1. Can you compute the modelled spin-label distance between I457 and V355, with each label point 7 Å from Cα toward Cβ, in nm?
2. Calculate the length of the line joining the C-alpha centroid of region 362-385 to that of region 467-481, in whole Å.
3. Ranked by Cβ crowding within 10 angstrom, fewest neighbours first, how are V160, V371, V191 ordered?
4. Given a Förster distance of 45 angstrom, what is the FRET efficiency for A182 paired with K273, based on the Cβ-Cβ distance and rounded to 0.05?
5. Can you check how the C-alpha radius of gyration of region 94-484 compares to 2.2 N^0.38 Å, as a plain ratio?
6. Roughly speaking, what is the stretch gain from Y313 to Y218, that is 0.36 nm per residue apart minus the C-alpha to C-alpha distance, in nm to one decimal?
7. Which helices of the chain meet both criteria: a Cα extent of 18 Å or more along the helical axis and a mean Kyte-Doolittle score no lower than 0.0, with helices taken as whole DSSP H segments?
8. How long is the gain from A232 to E167 if the chain were fully straight, where each residue apart is worth 0.36 nm and the alpha carbon distance is subtracted?
Amino acid sequence: MNTLAQTSRRAARGLLAAAAVGALALPAARAQTPEEFRQLKTLVESLKKTVEAQDARIKELEGAKESPPAPAAIATSPSQKTIDAVAAGQTVGTPSPVVFRGALNDQQEAASRPLDFTLDPKYQGFIPVPNTPALIKLNAKPHLDIITDNKAPGSRHRFVPALFPLEGSEGYDEGQYSTVSANATQIRVDVRAPDLGGNFRFYYQNDFFGDDAKDMRYRLQHLYGQFHGFKAGFTYGIWEDPDSWPDTVDYEGPNAVIFSRRPVAQYTQSWNKNWHTTYGIEKPDVYVDLDSGPNAGVAQITRVPDIGLNTRYEQEGFGHLQFSATLRDIGARDWLGNEDFVTGWGFNASAGLDVGDGDSVQALLVYGEGVGGMGNDTSFLNSDAAYNAQGELEALPYWSAHIGFTHHWSEVARSTFTYGYVNLDNSDGQAPTFYHTSTYASANLVWQIRRRLSLGIEGLYGIQEAQNGVDSGDHLRFQVGMVYSLFD
């Protein structure tokens, strides 16, 4: 409209100017009569009024068609407000008293947190979901390992003393073994809603250790939701403490840690900002040595879920302590059709302690009966219960301990030293070559080459001893690992 009006005004004013110029520029050879001059003057006046009338009409039309005032800006969605608040330097969540250590095989990120605690109050890598309170982070962590062993390892990709072949057994072979693996690659999806309250979270994670004999086989690690202290899905059980895992280049981790990931229903009661108790009912995964005893077994059976609780103390600058307890019902049916049940129970004390300048200590001590199936090493075996020589089912006593120490040499270099020991008391009905003890030790050097790129080298030592005293011999591994995280 503005362009049309300006063009019309210019045209009318040009016509008026042309008439005036024409009146003044008559040929000098022809004299103007008074009548001709009067007629020209009348024409000019008429054109001037026409232009003025046209200007008035154009202004009237512009006023009638003027756009209405712009509507108020549409309110920003809660998720965008959260991102804007973080970008402005505001605190959205409460930083967890537990320090995020950024280990190569990061166990901490997947763990739920009490109250509104989060390991990352800046929500690095999260993007808003429009018109919802949700933020989502899609992350991929490519992981490559180059591995060399001094003898047949039992597992090509993971350092598992429970799987080391015993001397003189089939599969035992002294000689160099090497492999390259990407099975530790992870895909993660994290959904948060800080503006919603209740520490809402949906978390998903997988790696590719679904089949140790083949490469890149899908394995679910976590799939759960939490809200106002309630948590349900597939994730860490009551007994596992992900904040106590040492930082190892070896993806499997120490033999003594508890590996207890299963379908769970849990509730966390926060007594204050330091003390928290979690209660849980969990799937009763049981591992009975069916080959033991005179009658042997044909099936592992359960009657009730596992139940348990843990209590944690967390404090900034100190770290955390966790005390866990579990109660289990373990059963089996032998080939005669007899069903036997025993009670499993156990206690687990674990810790992650800050010792200044970024250094930390990770420790664990476990004791119980019928809990071997939750040990990181013994979970590869039927180690919860076994038949004795009289054909009676027994819960196997189990204890384990580990300690790890992480030291930062600089802002980009760190080392972790780890030692672990496991002891499983066998029944007299088990095979003489059944697992009895294992030892694990590792030392590494990790470089944080870039914010999202880590490179580590590690030396590992392990040995397994059977019930009859035969062992696997000293097993040595040298490993180089690289992890890249797209959006951390």
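1. Modelled inter-label distance: 2.4 nm.
2. Centre-to-centre (Cα) distance: 19 Å.
3. Taking fewest neighbouring Cβ atoms as first place, the list is V191, V160, V371.
4. Efficiency, from the Cβ-Cβ distance: 0.65.
5. Relative to the 2.2 N^0.38 Å estimate, region 94-484 comes out at 0.99.
6. So the chain would gain 30.7 nm between Y313 and Y218.
7. 2-24
8. Here the answer is 19.0 nm.
The numbers here are math on the coordinates, done by the rules we state, and not lab data. Because the structure is predicted, anything quoted here is derived from the model rather than measured. Using ideal geometry, Cβ is built from the backbone for each residue, glycine included, and neighbour counts are taken over all protein chains shown.
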